[in-house]
Amino acid sequence: MLPELATKWGTPLFVYDTSIIDRQYQRLVNAFKGQNVQFNYACKALSNPNILKYFKILGTGLDTVSIEEVRLGLMAGFDPKQILFTPNCVDLNEIQEAVNLGVQINIDNLSTLEQFGSRYGDSVPVCVRMNPHILAGGHHKISTGHIDSKFGISIHQSRYLQRIINHYNIHVNGLHMHTGSDILDVDVFLRGAQVLMDLAFDFPELEYIDFGSGFKVPYRPDERGTNVEELGEKMGYLFSEFCNQYGRSLALVFEPGKWLVSEAGYFLAQVNVVKHTTSTVFAGVNSGFNHFIRPMLYDAYHHILNLSNPNGKERIYTVVGYICETDTFAWDRPLPEVREGDILCFLNAGAYLYSMSSNYNSRLRPAEVLVHRQKDYLISRRQTMDDLLASVVICDLEY
Ligand SMILES: *Cc1c(COP(=O)(O)O)cnc(C)c1O
């Protein structure tokens, strides 16, 4: 179906398949069967309102990191109570706006918590984001639990935290952590979880503990993802032990982004030029890091298929884009022989690509298509020059 979609909608094009979103969500649900668990989709991974609406139908909540994401979630029909707002380094005004919209607030630093407490006292329940200082593995740019991270309140500040809570009589109803992305090792989750559960006894009014996300999915053909079944079983055991000691049954919350949408996405681009240089063969496509930034930002590997010549003879290519800047998609990649005009398909294109795309080089953003039960739906059209100029104000400057 992908080659037909490239013909029908043109390239570059993002395609998302709801059946893979379903598969990933069901795997989580089954892994935590029988537990009091809630999954909040971390919508910064892929934030098209149709995708949000789909998660609403599936029954997830929403994890948001900006007031704009909160508004998108409300537009998509989420109940404010199903939305957790986890900002960092935002102005208190933005948090007040979120309070007024009725969403659950998660605060990640003591200064903001102090201001929040002095304003709301115990009238607005709040979640606090802790930094358990767990080294999560994964790329350094996506690790958030380490000692130098800007995220969360250090567990070593818990006395200071309690002082603020007691002084303002703050009603802490949730504890939160999120130690980064691409965490393969189940024991890393469990260690972080244990730190949070140990801490939880200092917070008598908890309703839930949110263990964040970071679930890894395979990007390379030989790679494995997080074993969520093992995690579900081990977490289930640890958490129910904890609840027994705590004296009450709390909800277990996770907030996966990548896990739910990465593999559901395909990015289609056309090869404009095959260029032999003294050192390599470049396959240059009609896109760049303006649409597809993960290889350049995170050194991420994205598997590539040649849809137009799947059985071609294998050759080595450096796949690059058309941006006037180094924008490599893949280095020394064996691909079935690539010819000018071929359509390449980049896998794992659902998470952190369209939502990170830009208009750099004054290029337009691609279209996004959602495939649901064999039907394709345009969920955002290709941009036009008008979009590029939509916020521009032309002034009459005189020299
Ligand atoms: C980005 C983010 C997530 C999702 O992380 P993934 O690696 O995509 O699963 C979850 N929680 C918070 C607070 C985040 O910022």
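The values are calculated or read from the model by the stated rules, or taken from the named source; none is laboratory data. This one's a predicted model, so the numbers in the text were calculated from it and none came from an experiment. Neighbour counts are summed over all protein chains in view; Cβ atoms, including those assigned to glycine, are modelled from backbone coordinates with ideal geometry.
Conditions tested, residue by residue: (1) under 19 Å from the mean Cα position of the chain (by Cα); (2) part of a helix (DSSP H, G or I).
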residue: R23; (1), (2): yes, yes
residue: L28; (1), (2): yes, yes
residue: K33; (1), (2): no, no
residue: L62; (1), (2): yes, no
residue: E68; (1), (2): yes, yes
residue: L72; (1), (2): yes, yes
* Asked: Quick check: anything in the stretch 316-333 assigned to a loop (DSSP other than H, G, I, E, B), within 22 Å of the chain's Cα centre (by Cα) and either of a type in the set (A, V, I, L, M) or surrounded by fewer than 20 Cβ atoms within 10 Å (Cβ to Cβ) (or both)?
  -> no
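Just to verify a result, which residue in the stretch 43-56, among those that are under 24 Å from I209 (Cα atoms) and out of contact with any Lys or Arg (no Cβ under 8 Å at 6 or more places or on another chain), is nearest to the ligand (Cβ to nearest atom)? Can you show your working first?
First, pick out the residues of the stretch 43-56 that are under 24 Å from I209 (Cα atoms): 43-45, 52, 55-56.
Filter once more, so that each one left must be out of contact with any Lys or Arg (no Cβ under 8 Å at 6 or more places or on another chain): 43-44, 52, 55-56.
Numbers: C43: 9, K44: 5, L52: 14, F55: 13, K56: 18 Å.
Once the filter is applied, the top-ranked residue is K44.
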* Could you list, in sequence order, the residues of the stretch 194-217 that are crowded, with 24+ Cβ neighbours inside 10 Å and not in a loop (DSSP other than H, G, I, E, B)? -> I209, D210, F215
* Criterion (farther than 14 Å from L268 by Cβ, of a type outside the set (S, T, Y) and modelled with pLDDT under 95) met by exactly one of L388, L335, L397, L364 -> L397
* **Hits in the stretch 173-193 (condition: within 10 Å of the ligand (Cβ to nearest atom) and assigned to a strand (DSSP E or B))** => H176, G180, I183
* Asked: In the stretch 150-172, what residues are in contact (Cβ under 8 Å) with a residue 60 or more places away in the chain and either under 24 Å from Q82 (Cβ atoms) or among the acidic types (D, E) (or both)?
  -> F151
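Across the stretch 35-60, what is the total count of residues that are hydroxyl-bearing (S, T, Y) and part of a strand (DSSP E or B)?
Taking the stretch 35-60 as the starting set, the residues that turn out to be hydroxyl-bearing (S, T, Y) are 41, 47, 54, 60.
With the extra rule that they be part of a strand (DSSP E or B), the set shrinks to 41.
Selection size over the stretch 35-60: 1.
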* **Selected residue (criterion: farthest from P49 (Cα to Cα)) from residues of the stretch 75-87 that are within 16 Å of the ligand (Cβ to nearest atom) and out of contact with any helix residue (DSSP H, G or I) (no Cβ under 9 Å at 6 or more places or on another chain)** => T86
* In the stretch 334-348, which residue that is out of contact with any Ser or Thr (no Cβ under 8 Å at 6 or more places or on another chain) and part of a loop (DSSP other than H, G, I, E, B) is nearest to the ligand (Cβ to nearest atom)? -> L347
* Return yes when G102 is modelled with pLDDT of 95 or more, away from the ligand (no atom under 13 Å from the Cβ) and in the same structural domain as E229 (by TED's automatic domain parsing) and no when it is not. => yes
* Asked: Which one is surrounded by the most Cβ atoms within 10 Å (Cβ to Cβ) among residues in the stretch 229-277 that are within 16 Å of the ligand (Cβ to nearest atom) and within 27 Å of Y317 (Cβ to Cβ)?
  -> S262
* Structure fact -> Of the candidates N36, N93, N88, the one satisfying the condition of being modelled with pLDDT under 95 and either closer than 22 Å to R129 by Cβ or of a type in the set (F, W, Y) (or both) is N88
* To do: Select from the stretch 194-223 the residues that are among the small types (G, A, S) and within 14 Å of the ligand (Cβ to nearest atom) and list them in ascending order.
  => G212, S213, G214
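Residue check: is S287 farther than 30 Å from T86 by Cα and either part of a loop (DSSP other than H, G, I, E, B) or not small (G, A, S) (or both)?
Details: farther than 30 Å from T86 by Cα: yes; either part of a loop (DSSP other than H, G, I, E, B) or not small (G, A, S) (or both): yes.
Here the answer is yes, as S287 does meet what is asked.
To keep it simple, each residue is scored yes or no on (1) touching a Pro at 6+ places or on another chain (Cβ under 8 Å); (2) in contact (Cβ under 8 Å) with a residue 12 or more places away in the chain; (3) in a strand (DSSP E or B).
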| residue | (1), (2), (3) |
| --- | --- |
| E229 | no, yes, no |
| V253 | no, yes, yes |
| A269 | yes, yes, yes |
| P295 | no, yes, no |
* Please find, within the stretch 21-42, the residue that is farthest from I209 (Cα to Cα) out of those that are touching a Ser or Thr at 6+ places or on another chain (Cβ under 9 Å) and more than 14 Å from the ligand (Cβ to nearest atom). => Q35
* Within the stretch 358-375, work out how many residues are assigned to a loop (DSSP other than H, G, I, E, B) and either surrounded by fewer than 21 Cβ atoms within 10 Å (Cβ to Cβ) or free of Cβ contacts under 8 Å to residues at least 24 places away in the same chain (or both). => 7
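Aliphatic (A, V, I, L, M) and within 22 Å of S262 (Cα to Cα), is that true of V338?
On the way: aliphatic (A, V, I, L, M): yes; within 22 Å of S262 (Cα to Cα): no.
So V338 does not fit the description; no.
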